[in-house]
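Notes to accompany the following structure.
Read-outs: derived from the displayed coordinates by stated rules, not from any lab. Keep in mind that what you see is a predicted model, and the values were worked out from it rather than measured.
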Amino acid sequence: MIPSKVTSAAAVVLLALCGALTPARAQSSVAEGERLAFDRAKGNCLTCHVIKGGDLPGTIGPELVDIKSKYPNRDDLVAIVSDETKRNPLTVMPPFGRNRILTEKEISAVVDFLQTL
């Protein structure tokens, strides 16, 4: 039997390690999201949106700034990127999830990036 002090200490170390990895993982997700958003063959967000740091943006959609305050609920932003036609049937925004343009993981990364704008 393992003494409870050892078990507790191991749990604290494990939690600390997990916490230490989270910022790096989040940072890589943001970088991946930016890559996807700017990739003309994948996310292609620049076709319609002005995004800081992007080249040759379009103006069909709104400028993507201050996203986290506009969409404090992350799930709302995921829903927009996945299939905005559910909320707005007249949108011109492609349903990236429904049409399998982006995977759920890729959509999550794009949303991570958008929340930094």
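In straight-distance terms, cross-link reach from K52 covers every one of the lysines whose alpha-carbon lies under 29 Å from its own, apart from those fewer than eight places away in the same chain; here that gives K42, K68, K70, K86, K105. In sequence order, segment 63-71 has phi-based couplings of 5, 8, 9, 6, 5, 4, 7, 6, 10 Hz under the Karplus curve 6.51 cos²θ - 1.76 cosθ + 1.60, θ = phi - 60°, and Gly or Pro positions carry x.
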